[in-house]
1. If you scan the stretch 175-199, which residues turn out to be outside any helix (DSSP H, G or I) and touching a residue at least 24 places away in the same chain (Cβ under 8 Å)?
2. Would you mind stating whether Ala179 is within 14 Å of the chain's Cα centre (by Cα) and of a type in the set (A, V, I, L, M)?
3. Looking at the stretch 213-220, is at least one residue in a helix (DSSP H, G or I) and surrounded by 21 or more Cβ atoms within 10 Å (Cβ to Cβ)?
4. Looking at the stretch 124-162, which of the residues that are outside any helix (DSSP H, G or I) and buried (at least 20 other Cβ atoms within 10 Å of the Cβ) is modelled with the lowest pLDDT?
5. Filtering the stretch 83-110 down to residues that are part of a loop (DSSP other than H, G, I, E, B) and without any contact (Cβ under 8 Å) to a residue 40 or more places away in the chain, which residue is surrounded by the fewest Cβ atoms within 10 Å (Cβ to Cβ)?
6. Taking the stretch 165-202 as the region of interest, how many residues are modelled with pLDDT under 90 and among the hydroxyl-bearing types (Ser, Thr, Tyr)?
7. Looking at the stretch 163-183, which of the residues that are crowded, with 22+ Cβ neighbours inside 10 Å and not small (Gly, Ala, Ser) is farthest from Thr145 (Cα to Cα)?
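The values are calculated or read from the model by the stated rules, or taken from the named source; none is laboratory data. Bear in mind that the values here come from a model prediction, so they are computed numbers and not experimental data. Ideal geometry is used to build each Cβ from the backbone, glycine not excepted, and the neighbour counts take in all protein chains shown.
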Amino acid sequence: MFRRFDGNTSEVAEAHLLTLRRAARRLDEPVVWAGEFSAAASLAFLRPAVLGERGSLSTPSQRARERLLSAIAMHDDLAAVEVVLTALDSSQTKELRESTVFWVSQVGGAEGLQRLLDVARNDTATEVRMQSIFWLGQVAGERATADLANIAEDDPNTEVRQSAVFALSQSEDDAAIEALIGIVRSHDNREVVKSALFWLGQSGDPRAVELFEQLIFGGR
């Protein structure tokens, strides 16, 4: 982790995840090797900058916060997972929460998946909800199918519903196809039904073929 400090404010202006060789090629300023930190010391140093807490490091740069969060997530330490989960709190900026979703899906374990479900249902920002739904579809499998189906069926936001439909289409859970078929048969939102039909058509699943035959020749 290489940090460039603003000489006027002593705040971090940029943060880069680089090797020494890459740093020598990419940074236009001298690089000072400050030695190695233990995982605990490293997290204690980086945490305040990411979460906006008082501490040894602070930065107003959103881009730097996101890069520092990436550095934290790469620590093989339970304390790092706690910081990543905390970065998903509603008190953090929308931009940080949106970036955090990916790392929660990668390192958060079962608790992380539950947090993503909570965010998918309740976050105040549509973009954060949609990002959570996407990664649930990628990593949660059958653990998220029922929740994604409920979001696709009942959420008041059409964009969020369509995100849930897409996430179901990407799931490897066999029940996800049945959930999409159920949406086509019973949903009252035309845009959501169109999305479900499109992704069912892409699936190549025999159940989807049967559905299309029924719709074409026998109605819903």
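1. Here is the first cut: in the stretch 175-199, the ones outside any helix (DSSP H, G or I) are 187-189.
Result: His187, Asn189.
2. So Ala179 does not fit the description; no.
3. Initial filter on the stretch 213-220 (in a helix (DSSP H, G or I)): 213-218.
Then keep just the ones that are surrounded by 21 or more Cβ atoms within 10 Å (Cβ to Cβ); that gives none.
No, the stretch 213-220 contains no residue that is in a helix (DSSP H, G or I) and surrounded by 21 or more Cβ atoms within 10 Å (Cβ to Cβ).
4. Let us first name the residues in the stretch 124-162 that are outside any helix (DSSP H, G or I), namely 124-125, 140-141, 155-157.
Pick out the ones that are also buried (at least 20 other Cβ atoms within 10 Å of the Cβ) and you get 140, 155.
Values: Ala140: 85, Asp155: 92.
So, considering only residues that are outside any helix (DSSP H, G or I) and buried (at least 20 other Cβ atoms within 10 Å of the Cβ), the one modelled with the lowest pLDDT is Ala140.
5. Step one: filter the stretch 83-110 for residues part of a loop (DSSP other than H, G, I, E, B), giving 87-93, 108.
With without any contact (Cβ under 8 Å) to a residue 40 or more places away in the chain added as a condition, the list becomes 87-91, 93, 108.
Values: Ala87: 26, Leu88: 24, Asp89: 13, Ser90: 12, Ser91: 9, Thr93: 13, Gly108: 22.
Applying the filter and picking the extreme gives Ser91.
6. 2
7. Ile183
So that you can scan it fast, the table gives a plain yes or no per residue for (1) within 30 Å of Ile181 (Cβ to Cβ); (2) of a type in the set (D, E, K, R):
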{"residue": "Arg67", "(1), (2)": "no, yes"}
{"residue": "Gly108", "(1), (2)": "no, no"}
{"residue": "Gly112", "(1), (2)": "yes, no"}
{"residue": "Glu127", "(1), (2)": "yes, yes"}
